[in-house]
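Q: Below are the structure tokens for one structure; questions will follow.
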Amino acid sequence: MNNLKFGIILAAYNSSGTIDSCLRSWIEFQKNNSNLEICAISLPFEEYKEIGHEEDNTAEILVKDYNIKTITQPRYIKESDARTLAYNQLINKGCDYVWILDADEIYTEDEISGIIRFVSFNEFVNSFNINFKNYVFDGNCWIDGFCPPRIFKTKGSKGFYWDNDMVYGVNDSTKDISYKNLSQMVIPKRVAHVKHLTWINNETTKNKIKYQEKHFNNGAGCSYKWNDQQNCLEFNEEYFKKTGETIPKLNFD
């Protein structure tokens, strides 16, 4: 398709329920495109040390079933530090861009190829945001409007400084610069509107709520909460009162 090389930073911990669906399109795409490298991180972030968690066999699946380089140590480090470990591996592979992928994000092959084509046509843009359809609750409805940074040019990059946020050293400056201060572009929904199994009624979501409450402890917490009596997920109305945000509209396919 082009000579650009993309490095995929796959975050997949306790993700055995979605990892096959997540990787299916990437593996098929990779068969005919050698300019794609995947490196996975499968380890608990620092907040889980206090939260507690059970481990599944995601790392084993990645290595044995998919032959993907998988980083499992050190455990209980910052989310940004974990992604930087994979970033360093991909930089050494000569990748022109790194692309963040979580194990609950389900791309189609057409979306992958369309995004790569879009990025290649916009070579002077430093980073790209991707639109996601956030499937919630029972998985039959979704929320629009989630459009995070996912693809970063590696030239001048130095790794991640917070979650999904890349830092750069530009023009040999001694001062680090956030990607937010460089050129950005949103990839249109006509190119990709990616399925994201983000807040579903399951045990993983229970732990995700605890993680976000701890991770964002200086803010309003998590926008979702678990209803123990009905054993299901629901919007956290207190969060929306604190932030002044509107409870999202549910869409149905």
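Q: Let me confirm something: among 58, 70, which residue is modelled with pLDDT of 95 or more and under 25 Å from residue 4 (Cα atoms)?
A: None of the other options fit; the residue is 70.
Q: Continuing with the same structure: What are the residues in the range 47-71 that are over 17 Å from the mean Cα position of the chain (by Cα) and within 19 Å of residue 159 (Cα to Cα), if any?
A: Selection gives 69 alone.
Q: Something else now. Taking the range 37-56, which residues are surrounded by 13 or more Cβ atoms within 10 Å (Cβ to Cβ), within 25 Å of residue 209 (Cβ to Cβ) and not charged (D, E, K, R)?
A: Of everything in the range 37-56, those that are surrounded by 13 or more Cβ atoms within 10 Å (Cβ to Cβ), within 25 Å of residue 209 (Cβ to Cβ) and not charged (D, E, K, R) turn out to be 40, 41, 42, 43, 44, 45, 48, 51, 53.
Q: As an exercise: evaluate residue 243 against (1) within 27 Å of residue 128 (Cβ to Cβ); (2) in contact (Cβ under 8 Å) with a residue 40 or more places away in the chain; (3) among the polar types (S, T, N, Q); (4) surrounded by fewer than 16 Cβ atoms within 10 Å (Cβ to Cβ) and give the number of the one condition it does not meet.
A: (2)
Q: Being under 30 Å from residue 234 (Cα atoms) and surrounded by 15 or more Cβ atoms within 10 Å (Cβ to Cβ) narrows it down to one of 96, 81, 104, so name that one.
A: The conditions single out 104.
Q: Between 158, 180, 206, which is modelled with pLDDT of 90 or more and within 23 Å of residue 137 (Cβ to Cβ)? If you could, list the steps in order and put the result at the bottom.
A: On the way: 158 fails: within 23 Å of residue 137 (Cβ to Cβ); 180 fails: within 23 Å of residue 137 (Cβ to Cβ).
Of 158, 180, 206, the one residue that is modelled with pLDDT of 90 or more and within 23 Å of residue 137 (Cβ to Cβ) is 206.
Q: Test residue 88 against the stated conditions and say whether it is within 18 Å of the chain's Cα centre (by Cα) and part of a strand (DSSP E or B).
A: Judged against the criteria, residue 88 is not a match.
Q: Residues 210, 195, 225: which one is in contact (Cβ under 8 Å) with a residue 60 or more places away in the chain, under 26 Å from residue 76 (Cα atoms) and surrounded by 15 or more Cβ atoms within 10 Å (Cβ to Cβ)? Working first, answer last.
A: Values: 195 fails: under 26 Å from residue 76 (Cα atoms); 225 fails: in contact (Cβ under 8 Å) with a residue 60 or more places away in the chain.
After ruling out the rest, the residue left standing is 210.
Q: Name the residue, out of 122, 181, 140, that is free of Cβ contacts under 8 Å to residues at least 12 places away in the same chain, in the same structural domain as residue 56 (by TED's automatic domain parsing) and of a type outside the set (D, E, K, R). First the steps, then the outcome.
A: Values: 122 fails: free of Cβ contacts under 8 Å to residues at least 12 places away in the same chain; 140 fails: free of Cβ contacts under 8 Å to residues at least 12 places away in the same chain.
Result of the check over 122, 181, 140: 181.
The values are calculated or read from the model by the stated rules, or taken from the named source; none is laboratory data. No experiment lies behind these values; they were computed from the predicted model shown. Virtual Cβ from ideal backbone geometry, glycine too; neighbours counted across all protein chains shown.
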